Amino acid sequence: MTHYKKTLGPLQGIAMTVTTFIGTGLMILPAMSVSQAGSFAFYAWLITAVMIIPIAFIFAALGSKYPSAGGASHYIGRAFGSRYEKAVGWLFLSILLVGPAVAIKVAAAYLTIIFKTSDEWILIFSLLTLVGMLIFAIIGMQTSARFQTGIVIVMIGTIIWLCFIGDIQDSRQVIEAPSNAFEWQQTLYATGVIFWCFLGIEVMAHMGAEFKNPTRDFPIALLGGIVIVILAYLSLVLLIAWHHTYGDEVTNSQSLALLVSKLMGETSSRLFAVGAYAIAFANVAIYILGFSRMVQSMAQQGALPKTFISLNKNGAPAKAVLLVGSITLLSIVFSELSGWKMAWFIEMTSGSFLIIYTLTCIAALKLVSRTIRPVAIIALVSCSFMVLFIGQSMMFALIVFCLALSYEYMKAPKSPIKDSKLPVQ
């Protein structure tokens, strides 16, 4: 087994958690939620947070007890056997076909603002951004974590400053609680959009093997980071609603830029674009790191060639990073040529993560102690609830998982000795 360098502490872990969840979603999700739920958006975010916390708690419990670069697939494998572990690994890798390309293109769009170019440059900027992210991943986790920490400090400082100059106390007047069936329906519908910003717990799970003290540091990093994320999003929801920087799709995508312009002046727009690009860059780079560790873990299991097991002098799986980069490159080119809507890619990504979360919660019922099992049940209910809002877009993930599981069963005929499972505690 190839071992990663244990270089992460709780503060670096919190920084990576925050940049995992606050990325391109920060630029659009608060405004989208206000557009959908209006004055009820604050409660929609609170409801989503209540739903995501038990899921995060289960990942924290499993990640601290079974630290592994395999993340959720490792947990599921311990509960149900190696075939399910490998099938989940394939499902996670399939997200490369639909997920990162969208976020990279959003990041590239900010480069067009910085350099004042036309939208025709987005593809070129996307490719340059991808190259930068691959270099970022290859230099190793410790250097990457330091960069993440710096980004988080600047980002949180900016949000605090916006709260200060944007009258965050007065903005609480926009909060209104739903009081009838229609208002509750409007509020709950918005949770389907808000849930997208929390896709990434699985990515952080892959980093569990690189904490100095996983039992202590991983839960602090994951749960502490999520608390910061929730506070940041709630603050922006209030400010955007109070200053009316939301509306149609174009306005929503520019909501933070409009907020900054309204509070700090037009000259701040390009400076904000630089910060927005850095946030998006750091966010997607963490995903690439997580995907690379998944490739390395699957190579150790024999599902992928052994060449992807090796690590470079910085402790990073360089060959796995290049494989992830190649698949992401194909995805970027396909999304550009196909003309598919970005929303389709986002929803298919959400469906894939939701299946991984659901299977992890089911596995937790077998792996965690009896005192934590009620939390696993609550987390499983939360996952089932979110399926209602993703709907048909779940089909991509379901088809990939079923094909992957069938492939693993056909490749490895059932042995008289069943896959070893961890005894129930």
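Among the residues of the stretch 1-43, those that are at pLDDT 85 or above, touching a Pro at 6+ places or on another chain (Cβ under 9 Å) and not hydroxyl-bearing (S, T, Y) comprise A37, F40, A41.
Residues that are crowded, with 20+ Cβ neighbours inside 10 Å and closer than 25 Å to T17 by Cα within the stretch 238-253 comprise L238, L239, I240, N252, listed in sequence order. Of all the listed residues (G63, G81, G89), the sole one being among the small types (G, A, S), open to solvent by less than 10 Å² (accessible area, probe 1.4 Å), touching a strand residue (DSSP E or B) at 6+ places or on another chain (Cβ under 9 Å) and in contact (Cβ under 8 Å) with a residue 40 or more places away in the chain is G63. Being small (G, A, S) and at pLDDT 80 or above is not true of G391. Against the test of being open to solvent by 60 Å² or more (accessible area, probe 1.4 Å) and in contact with a helix residue (DSSP H, G or I) (Cβ under 9 Å, 6 or more places away or on another chain), the options L403, L380 yield a single qualifying residue, L403. Looking across the stretch 98-108, the residues that are at pLDDT below 85 and either within 17 Å of the chain's Cα centre (by Cα) or surrounded by fewer than 22 Cβ atoms within 10 Å (Cβ to Cβ) (or both) come down to V98, G99, P100, A101, V102, A103, K105, V106, A107. Within the stretch 153-190, the set of residues being within 20 Å of I14 (Cβ to Cβ) and open to solvent by 80 Å² or more (accessible area, probe 1.4 Å) comprises I153, V154, I160.
What do you reckon, is S235 in contact (Cβ under 8 Å) with a residue 24 or more places away in the chain, under 21 Å from the mean Cα position of the chain (by Cα) and buried (at least 20 other Cβ atoms within 10 Å of the Cβ)? When the stated conditions are applied, S235 does not pass them. State all residues of the stretch 350-377 that are part of a helix (DSSP H, G or I) and open to solvent by 20 Å² or more (accessible area, probe 1.4 Å); if no residue qualifies, say none. Within the stretch 350-377, T358, L359, I362, L365, K366, R373, P374, V375, I377 qualify. Restricted to the stretch 92-137, and to residues there that are in a loop (DSSP other than H, G, I, E, B) and in contact (Cβ under 8 Å) with a residue 60 or more places away in the chain, the residue that is nearest to S292 (Cα to Cα) is G99.
Under the condition of being surrounded by fewer than 18 Cβ atoms within 10 Å (Cβ to Cβ), at negative phi and either under 21 Å from the mean Cα position of the chain (by Cα) or free of Cβ contacts under 8 Å to residues at least 24 places away in the same chain (or both), the residues counted in the stretch 254-269 number 5. Candidates are the residues of the stretch 36-60 that are of a type in the set (S, T, Y) and surrounded by 20 or more Cβ atoms within 10 Å (Cβ to Cβ); the one that is nearest to I194 (Cα to Cα) is T48.
Please go through the stretch 350-385 and pick out each residue that is more than 15 Å from Y75 (Cα to Cα), at pLDDT 90 or above and of a type in the set (V, I, T). Within the stretch 350-385, V375, I377, I378, V381 meet the criteria. Give all pairs with beta carbons closer than 9 Å in which a residue from the stretch 175-192 that is more than 18 Å from F385 (Cβ to Cβ) meets a residue that is in a helix (DSSP H, G or I) and open to solvent by 90 Å² or more (accessible area, probe 1.4 Å); count only pairs at least 6 apart in sequence or on separate chains. From residues that are more than 18 Å from F385 (Cβ to Cβ), there are no pairs. Report whether or not K306 is open to solvent by 30 Å² or more (accessible area, probe 1.4 Å), basic (K, R) and within 24 Å of C197 (Cβ to Cβ). No: the conditions fail for K306. Here M155 does not fit the description of being at pLDDT 85 or above, within 18 Å of the chain's Cα centre (by Cα), more than 30 Å from S369 (Cβ to Cβ) and not hydroxyl-bearing (S, T, Y). Search the stretch 270-299 for residues being over 21 Å from the mean Cα position of the chain (by Cα) and crowded, with 17+ Cβ neighbours inside 10 Å, and hand back the single one that is nearest to A87 (Cα to Cα). The qualifying residue nearest to A87 (Cα to Cα) is A299. From the residues in the stretch 313-339 that are open to solvent by 40 Å² or more (accessible area, probe 1.4 Å) and farther than 21 Å from S126 by Cβ, which one is farthest from the chain's Cα centre (by Cα)? Ranking the candidates gives K313 first.
Flag: F396 does not match the condition of being farther than 21 Å from Y84 by Cβ, open to solvent by 30 Å² or more (accessible area, probe 1.4 Å), touching a residue at least 12 places away in the same chain (Cβ under 8 Å) and not charged (D, E, K, R).
The values are calculated or read from the model by the stated rules, or taken from the named source; none is laboratory data. From a predicted model like this one, the values you see are computed outputs, not experimental measurements. Cβ coordinates were reconstructed from backbone atoms using ideal geometry, including for glycine residues, and neighbour counts include every protein chain displayed. Just the protein is used for accessible areas: all its heavy atoms, side chains included, with ligands, DNA and RNA removed. Shrake-Rupley method; radii C 1.70, N 1.55, O 1.52, S 1.80 Å.
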